[in-house]
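One structure below.
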Amino acid sequence: MDGTAILLKWLKRAAIGIPLLMLGMCSIGTIETGDVGVRTTLGNVSLDEVTPGLYFRIPLIQTVHEFVAKETAVELNDLKPKAKDNLSLQDLDVTIFFKVSDSAVADLYVRYSGQHALADGKWYPAYHLIGALARNAIYEATAKHDSL
């Protein structure tokens with residue numbers, strides 16, 4: 001065999017091997033400790049959460065979204081609720097801490113699909129919903145007390 005035939009042989013092998021290797025690399029992922037994955041297959045959500053560690057998926061057909069299942073802080077800054085005597089408080093800051101059960105993340109993903117927040121490549125389940133509920137509770141609680 002001459003050099004050209006050997007080169008063509010290796011190029012044929014590379015043309016088959018490289019895409020297979022890339023496909024294999026795209027089918028493996030990891031979920032960090034304290035997080036949970038939600039798998040979707042062609043748009044259908046699996047209600048079984050993907051546990052932390054290594055997972056496998058079918059590229060182009062399945063996706064796994066990583067959700068934070070650790071304690072999360074929702075900061076509500078510069079609120080101006082009205083007190084019982086109809087005077088507004090100035091600059092009320094509140095921080096709410098919440099934790100989602102690992103087994104409830106997929107249910108929340110389906111039920112409150114527009115309420116999640118994306119930050120640093122991870123999703124925070126029902127983050128906006130918690131913020132809205134907390135803001136409402138703060139305004140209602142403040143309305144029961146005098147401004148002094």
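Within the stretch 73-90, can you find the residues that are at pLDDT 90 or above and either of a type in the set (Gly, Ala, Ser) or under 30 Å from Leu42 (Cα atoms) (or both)? Selection gives Ala73 alone. Within the option set Ala117, Ala126, being closer than 21 Å to Val50 by Cβ, surrounded by 12 or more Cβ atoms within 10 Å (Cβ to Cβ) and without any contact (Cβ under 8 Å) to a residue 12 or more places away in the chain holds for one residue only, Ala117. Among the residues of the stretch 93-101, is there at least one that is under 22 Å from the mean Cα position of the chain (by Cα), under 21 Å from Thr51 (Cα atoms), free of Cβ contacts under 8 Å to residues at least 60 places away in the same chain and in a helix (DSSP H, G or I)? Looking through the stretch 93-101, none of the residues is under 22 Å from the mean Cα position of the chain (by Cα), under 21 Å from Thr51 (Cα atoms), free of Cβ contacts under 8 Å to residues at least 60 places away in the same chain and in a helix (DSSP H, G or I). Leu47 falls short on exactly one of the conditions (1) within 21 Å of Ile28 (Cβ to Cβ); (2) open to solvent by 60 Å² or more (accessible area, probe 1.4 Å); (3) in a loop (DSSP other than H, G, I, E, B), and that condition is (1).
What are the residues in the stretch 100-113 that are open to solvent by 60 Å² or more (accessible area, probe 1.4 Å) and not basic (Lys, Arg), if any? Passing the criteria: Ser101, Asp102, Ser103, Asp107, Val110, Tyr112, Ser113. Restricting attention to the stretch 84-99, does a residue exist that is surrounded by 14 or more Cβ atoms within 10 Å (Cβ to Cβ) and under 20 Å from Glu32 (Cβ atoms)? There is at least one residue in the stretch 84-99 that is surrounded by 14 or more Cβ atoms within 10 Å (Cβ to Cβ) and under 20 Å from Glu32 (Cβ atoms). Residue-level check: of (1) of a type outside the set (Phe, Trp, Tyr); (2) in a helix (DSSP H, G or I); (3) open to solvent by less than 60 Å² (accessible area, probe 1.4 Å), Asn136 misses just (3).
All of (1) open to solvent by 60 Å² or more (accessible area, probe 1.4 Å); (2) within 30 Å of Tyr139 (Cβ to Cβ) hold for Leu60 with one exception: (2).
The values are calculated or read from the model by the stated rules, or taken from the named source; none is laboratory data. Values in this document were obtained by computation on a predicted structure and should not be read as measured data. All Cβ positions, even for glycine, are placed from backbone atoms using ideal geometry, and neighbour counts span all protein chains on display. Areas reflect the complete protein model, heavy atoms only, side chains present, ligands, DNA and RNA absent. Shrake-Rupley method; radii C 1.70, N 1.55, O 1.52, S 1.80 Å.
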